[in-house]
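The values are calculated or read from the model by the stated rules, or taken from the named source; none is laboratory data. Bear in mind that the values here come from a model prediction, so they are computed numbers and not experimental data. When we count neighbours, we look across all protein chains shown, and the Cβ atoms used for this are built from the backbone with ideal geometry, even at glycine.
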Amino acid sequence: MALPNKIGDETNEVLASQAHIANHVLNYINSMSLKCAIQLGIPDIIHSHGRPMTPSDLVNALPINKSKGHDCIYRLMRILIHAGFFTQGEDGYLLTPTSRLLLKNEPLSLAPFVQAQLDPILMDPWHSLGEWFANGDSTPFATAHGKPLFEYAGDDPRLNRLFNEAMGSDARLIMSVLIKNGKGVFEGLKSLVDVGGGIGTVAKAISNAFPELKCSVFDLPHVVEGLEGGKNLSYIGGDMFKSVPSADAILLKWILHDWSDEDCVKILKKCKEAIPSKENGGKVIVIDIVIDNQKGDNKSFETQLFSDVLMMVHVSGKERNEQEWAKLFSDAGFSDYKISPMLGLRSVIEVYP
């Protein structure tokens, strides 16, 4: 593309295109700056201060080499302020509603989710994406690390812990919203199995909110090993591709997006075998993204697309629109479904046999 001799629309278009490319190439700086703020404990330090925190007070409170203090911390905070994680008034730095979700002692903290997603083990596969398109590996994760994600996590206690903590932090936030605004999803049920329920964060929230509901967490043996249940909560080890424990309802939170269409149909068929008829209250409860660009919320739509490519890189899954979900349910032998978009980026889908 040759530039014209004088500045005009074509030149401005080239410069705007350059800026657009640069913005996308450098977008990782937002993520890594956020990770750094969590590593340094900046949200907690500002929160503990109890009032607007001056740049000098923040630098003095941080566990850093003070020679890197004022200028570098100012620049780090400037980009985080621009990204909406902090504000700065005349008296100093303050938290925003977003950064309150990064506090360590916040019950709904998403700090573990940030730290896991930006861990080098989960970031390295992105460098293998181009190579993966040309080889026969199942995922870029397998190209980078020699084995699939879930197998790797089973062999690496640190990654397994990071992954479970991340899923747990997400589960606490999502379930607090669902139990507050969507209790009807669980009404009338006497038993529920949380398939792929990890360390039981979701099932614990449900069992606490509905003491009469018998809840079970079903996951791979190494995930549930050593975990203790309670009065209406139990843990079961097994393989969802072979069989699923029987219950009135099966819960699949953030599970199906990990798998291909073929594998999802297999999982859903096992779930259908485990529940009673629709007339007797049987259903599968799916919590996952339903890709939707009709709401005019481009940022949410972009985040859903990010998650879709993330599923391609880390596992063999995908995010799906309503038509794709409907085909899965039909192929697995279900008769009907209902989508309730009550969870922000995700929806609750009640699937009936």
What number of residues in region 241-266 are buried (at least 24 other Cβ atoms within 10 Å of the Cβ), within 23 Å of N280 (Cα to Cα) and touching a residue at least 60 places away in the same chain (Cβ under 8 Å)? 2
When G168 is evaluated against the numbered criteria (1) closer than 26 Å to E273 by Cβ; (2) surrounded by 15 or more Cβ atoms within 10 Å (Cβ to Cβ); (3) small (G, A, S); (4) in contact with a Gly (Cβ under 9 Å, 6 or more places away or on another chain), which criterion, by number, is the only one it fails? (1)
From the list K183, K214, which one is at negative phi and either hydroxyl-bearing (S, T, Y) or at pLDDT 90 or above (or both)? K214
Return the residues of region 241-261 that are in contact with a Phe, Trp or Tyr (Cβ under 7 Å, 6 or more places away or on another chain) and among the aliphatic types (A, V, I, L, M); say none if nothing qualifies. V244
Of all the helices (runs of 4 or more DSSP H) wholly in region 90-180, which have at least 2 residues that are in contact with a Pro (Cβ under 8 Å, 6 or more places away or on another chain)? 97-100, 129-134, 140-145
How do the pairs read when you match residues in region 131-152 that are exposed (fewer than 13 other Cβ atoms within 10 Å of the Cβ) with residues anywhere that are at pLDDT below 95 and not aliphatic (A, V, I, L, M), using Cβ under 8 Å and keeping only pairs 6 or more apart or on different chains? none
So how many residues does region 218-240 have that are over 16 Å from C271 (Cα atoms), surrounded by 20 or more Cβ atoms within 10 Å (Cβ to Cβ) and of a type in the set (A, V, I, L, M, F, W, C)? 3
Report, by residue number, each residue of region 239-298 that is of a type outside the set (D, E, K, R), more than 21 Å from the chain's Cα centre (by Cα) and farther than 26 Å from I179 by Cβ. F241, S243, V265, S277, Q294, G296
Those residues of region 72-104 which are surrounded by fewer than 18 Cβ atoms within 10 Å (Cβ to Cβ), in contact (Cβ under 8 Å) with a residue 12 or more places away in the chain and closer than 24 Å to M167 by Cβ amount to T98, R100, K104
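Determine, yes or no, whether V223 is of a type in the set (A, V, I, L, M), more than 18 Å from the chain's Cα centre (by Cα) and part of a helix (DSSP H, G or I).
When the stated conditions are applied, V223 passes them.
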When you check S176 against the structure, is it loosely packed, with under 15 Cβ neighbours inside 10 Å, touching a residue at least 24 places away in the same chain (Cβ under 8 Å), closer than 25 Å to G197 by Cα and touching a Leu at 6+ places or on another chain (Cβ under 8 Å), yes or no? yes
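Tally the residues that are assigned to a helix (DSSP H, G or I) and modelled with pLDDT of 95 or more, restricting the search to region 234-262. Steps first, please.
At the first step, the residues of region 234-262 found to be assigned to a helix (DSSP H, G or I) are 256-258, 261-262.
If we keep only those that are modelled with pLDDT of 95 or more too, we end up with 256-257, 261-262.
Here the count works out to 4.
Residues being hydroxyl-bearing (S, T, Y) and within 25 Å of L103 (Cβ to Cβ): count how many of those fall in region 14-29. Working first, answer last.
Step one: of region 14-29, the residues hydroxyl-bearing (S, T, Y) are 17, 28.
The next check asks that each one be within 25 Å of L103 (Cβ to Cβ); those that pass are 28.
Number satisfying all stated conditions: 1.
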Restricting to region 193-205, what's the tally of residues that are surrounded by fewer than 24 Cβ atoms within 10 Å (Cβ to Cβ) and under 17 Å from K283 (Cα atoms)? 1
Top-ranked residue in region 30-71 [being without any contact (Cβ under 8 Å) to a residue 60 or more places away in the chain, within 17 Å of T96 (Cα to Cα) and β-branched (V, I, T); ranked as surrounded by the fewest Cβ atoms within 10 Å (Cβ to Cβ)]: T54
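Taking region 321-344 as the region of interest, how many residues are closer than 29 Å to N298 by Cβ and buried (at least 18 other Cβ atoms within 10 Å of the Cβ)?
Step one: list which residues in region 321-344 are closer than 29 Å to N298 by Cβ, which gives 321-329, 337-344.
Going one step further and asking which of them are buried (at least 18 other Cβ atoms within 10 Å of the Cβ), we end up with 325, 328-329, 337, 343.
The number of residues fulfilling the criteria is 5.
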Filter result (touching a strand residue (DSSP E or B) at 6+ places or on another chain (Cβ under 9 Å) and either more than 16 Å from G41 (Cα to Cα) or β-branched (V, I, T) (or both)) within region 57-94: R78, I81, T87, Q88, D91, G92
